[in-house]
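Have a look at the structure below before the remarks.
Laboratory data are not the source of any read-out in this text; all were calculated from the coordinates shown. Just so it is clear, the model here is predicted, and its values are computed rather than measured. Here the Cβ is made from the backbone with ideal geometry for all residues, glycine too, and neighbour counts use every protein chain on show.
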Amino acid sequence: MNLRSKLPHVGTTIFTVMSQMAHDYKAINLAQGFPNFPPSAELLTFATNAMQRGLNQYAPMAGYLPLRERIAEKVELLYGRRINADTEITVTPGGTAAIFAAIMAVVHAGDEVIVCEPCYDSYLPTLKLCGAAVKRVQMRFPDYGIDWEVVEKHISPKTRMIVLNTPHNPTGSILRKADTERLAALVRNTDIVVLSDEVYEHITFDGEAHESVLRTPELAERSFVISSFGKTFHVTGWKTGYCVAPAELMREFRKVYQFMNFACFTPAQVAFAEMLEQRAHYLDLPAFYQAKRDFFRHQIQGSRFELLPSHGSYFQLARYNTISDQNDADFAIWLTQKHGVAVIPVSAFYADGTDNHVIRFCFAKTDETLERAAEVLRGV
């Protein structure tokens with residue numbers, strides 16, 4: 001066949017590559033962002049009970065209604081915005097599917113979309129499939145803040161969407177009130193839609209509040225906001241997330257989503273609805289992951305890695321300039337093969353491979369795993 005690829009330059013993701021390498025070399029996997037500890041026994045019981053009660057058939061396309069109602073309650077509690085569970089929430093098979101549906105719903109061929117880099121690896125291929133013209137804006141190094149003056153220069157009459165991520169993967173940076181206020185000013189009186197990837201919404205540190213765009217009414221009225229139960233409840237393999245958007249945008253979102261997946265795994269939705277009734281499960285999450293961040297940072301003291309700030313997510317960036325002058329991809333391979341600790345090179349999150357000699361550790365691991373990894377890293 002004469003097959004012409006829609007994504008000719010896309011290969012296997014760096015996460016798959018490094019996790020496979022970790023397996024092949026029996027390395028400690030601090031690369032891919034998933035916990036290696038079990039979820040709450042209560043969550044497993046809720047899911048098992050749902051299956052035993054016969055809740056094994058299709059849920060509504062928009063999601064199990066009690067779950068959407070609990071999401072609406074959470075949004076109002078945390079961000080002060082009252083949303084309609086029927087018309088403004090859709091449950092999806094993971095955050096990535098929600099991102100795909102949101103982009104496909106409103107971005108047309110030739111539309112311009114602003115993306116801040118480094119960025120999660122699904123954004124750019126999805127925009128490519130839409131035929132969008134991507135305007136990439138590099139975040140400031142090494143604090144990874146957004147330079148809003150540069151963003152403003154990229155806005156044109158053709159701009160359809162601005163894609164944001166907070167807390168940020170891979171850098172651990174976060175948006176603050178000044179950022180959302182500036183964004184609101186930039187999109188005011190335009191037709192620009194905001195896509196805000198907030199899958200780590202419950203993982204912020206040092207007393208910092210998560211600055212969701214839902215806190216700012218004029219942004220909430222033009223935004224798709226994405227979140228993930230997998231990140232919140234330590235079950236990334238359950239692949240369940242959701243999208244919040246005003247009814248007009250959600251109508252377009254659902255037109256696309258219904259032909260992607262139609263409905264999510266019902267027992268998981270039932271279980272998450274029951275978990276959300278106990279607010280401590282997500283309100284206590286910042287302290288849980290801050291303890292892991294601080295433990296890892298303390299354990300790695302005495303190494304030659306320079307740790308950058310981590311304000312949110314479960315990722316820690318580090319420079320390795322005093323160890324090697326290799327590019328970050330080669331250094332990540334060397335560290336995995338030679339020392340048995342797998343990491344992610346941050347250049348993989350840039351379309352042009354920008355390399356600041358920075359690697360990403362995931363600290364969503366048991367203390368034992370972090371301790372073993374740190375012992376190795378102190379000797380590098």
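Each residue of region 12-29 in turn: what ³J(HN,Hα) in whole Hz from Karplus with 6.51, -1.76, 1.60 and θ = phi - 60°, glycine and Pro shown as x?
Values, residue by residue: 5, 5, 4, 5, 5, 4, 6, 5, 5, 5, 4, 5, 5, 9, 6, 8, 6, 8 Hz.
So, in Å, what gap is there between the alpha-carbon centers of region 110-184 and region 331-380?
After rounding, the separation between the Cα centres reads 25 Å.
Long-range amide H contacts for ASP147: which residues qualify at under 5 Å (H placed 1.01 Å from N, peptide plane, sequence gap of 5 or more or a different chain)?
Excluding prolines and chain starts, which carry no amide H, the hits are ARG140.
Could you tell me how far the Cα centroid of region 202-256 sits from the Cα centroid of region 46-86, in Å?
14 Å
If I model a spin label as a point 7 Å beyond the Cα along the Cα-Cβ vector, how far apart are those points for ARG279 and THR48 in nm?
3.0 nm
Treating the beta-carbon of each Lys and Arg as +1 and of each Asp and Glu as -1, no other charges, what is the dipole magnitude of region 57-281 about its Cα centre, to the nearest 20 debye? Spell out each step's value before the answer.
Values: 24 positive and 28 negative charges, 81 e Å.
Taking the Cα centre of region 57-281 as origin, the dipole is about 400 debye.
Any number yet on Rg/Rh for region 234-380, C-alpha, Kirkwood? Intermediate values should be presented prior to the final figure.
Numbers: Rg = 19.7 Å, Rh = 18.3 Å.
So for region 234-380, dividing Rg by the Kirkwood Rh gives 1.07.
Have a look at GLN138, GLY340, MET18 and report the one farthest towards the positive end of the charge dipole of the chain, computed about the Cα centre with Cβ charges (Lys/Arg +1, Asp/Glu -1).
The listed residue farthest towards the positive side: MET18.
According to the square roots a ≥ b ≥ c of the eigenvalues of the Cα gyration tensor, what is the shape class of region 72-227, taking rounded for a/c under 1.5, prolate for a/b larger than b/c otherwise, and oblate for the remainder?
rounded
Which order do VAL376, VAL343, VAL106 fall in if you start with the one that has the fewest other Cβ atoms within 10 Å?
Numbers: VAL376 15, VAL343 28, VAL106 20.
Ascending number of Cβ neighbours within 10 Å: VAL376, VAL106, VAL343.
Tell me the net charge near TYR350. Cut-off is 11 Å between Cβ atoms, TYR350 excluded, with +1 for each Lys or Arg and -1 for each Asp or Glu.
Details: positive: ARG136; negative: GLU117, ASP121, ASP328, ASP352, ASP355.
Around TYR350, the surrounding residues sum to -4.
Would you please classify the overall shape of region 24-129 from the alpha carbon gyration tensor, given that a ≥ b ≥ c denote the square roots of the eigenvalues, rounded means a/c under 1.5, and beyond that prolate means a/b larger than b/c while oblate covers the rest? Mind dumping the intermediate values first?
Numbers: a/c = 1.89, a/b = 1.14, b/c = 1.66.
Since a/c reaches 1.5 but b/c is at least a/b, the shape of region 24-129 is classed as oblate.
Nothing charged except the Cβ atoms of Lys and Arg (+1) and of Asp and Glu (-1): what's the magnitude of the dipole of the chain about its Cα centre? Round to the nearest 20 debye. Don't skip to the end; give the middle numbers.
Working: 38 positive and 42 negative charges, 127 e Å.
Dipole magnitude for the chain comes out near 600 debye.
Give me the one-decimal nm value for the distance between modelled label points at ARG378 and MET1, 7 Å along each residue's Cα-to-Cβ direction.
With each label placed 7 Å out from Cα toward Cβ, I get 5.5 nm.
Quick one: what are the phi-derived ³J(HN,Hα) couplings along region 132-144, Karplus 6.51/-1.76/1.60 with θ = phi - 60°, whole Hz, x for glycine and proline?
6, 9, 8, 10, 8, 10, 7, 5, 5, 10, x, 8, 6
Between CYS116 and residues 5 or more places away or on another chain, which pairs have amide H atoms under 5 Å apart, with H built 1.01 Å from N, and which residues are they?
VAL137, VAL163
Once the dipole of the chain is set up with Lys and Arg at +1 and Asp and Glu at -1 on Cβ about the Cα centre, which of THR240, VAL256, ALA373 lies farthest towards its positive end?
Result: VAL256, furthest along the dipole toward the positive end.
Work out the charge dipole of the chain with +1 on the Cβ of Lys and Arg and -1 on the Cβ of Asp and Glu about the Cα centre, then indicate which of THR171, LEU186, ALA62 is farthest towards its positive end.
The residue sitting farthest along the positive end of the dipole is ALA62.
Starting with the highest mean, order 259-268, 360-369 by the number of other Cβ atoms within 10 Å, averaged over the residues of each peptide.
For the peptides 259-268, 360-369, the packing ranking is 360-369, 259-268.
Return ASP147, ASP121 ranked ascending by Cβ neighbour count within 10 Å, so the fewest neighbours appear first.
Values: ASP147 13, ASP121 16.
Exposure proxy ranking, most exposed first: ASP147, ASP121.
Sort ARG70, ARG297, ARG176 by Cβ crowding within 10 Å, fewest neighbours at the top.
On the way: ARG70 20, ARG297 17, ARG176 14.
The order, fewest Cβ neighbours first, is ARG176, ARG297, ARG70.
What is the Cα convex hull volume of the chain when expressed per residue in Å³?
Details: hull volume 57.3 nm³, N = 380.
Output value, Cα hull per residue: 151 Å³.
Please compute the net charge surrounding ALA374, taking Lys and Arg as +1 and Asp and Glu as -1 over other residues with Cβ under 14 Å from its Cβ.
Numbers: positive: LYS292, ARG293, ARG297, ARG304, LYS365, ARG372, ARG378; negative: ASP294, ASP367, GLU368, GLU371, GLU375.
Computed value for this residue: +2.
If I model a spin label at TYR350 and LEU307 as a point 7 Å from the Cα along the Cα→Cβ vector, what separation in nanometres do I get?
A separation of 2.5 nm, rounded to one decimal place.
What does the helix-only formula give at 222 nm for the chain: each DSSP H stretch with n ≥ 4 adding -39500 (n - 2.57), the total divided by the residues, and the result rounded to the nearest 500 deg cm²/dmol?
Details: 15 runs with 145 residues, N = 380.
That comes out to -11000 deg cm²/dmol.
Identify which of SER122, SER228, SER173 has the largest mean-square fluctuation in a Gaussian network model of the chain, with springs joining Cα atoms closer than 10 Å.
SER122
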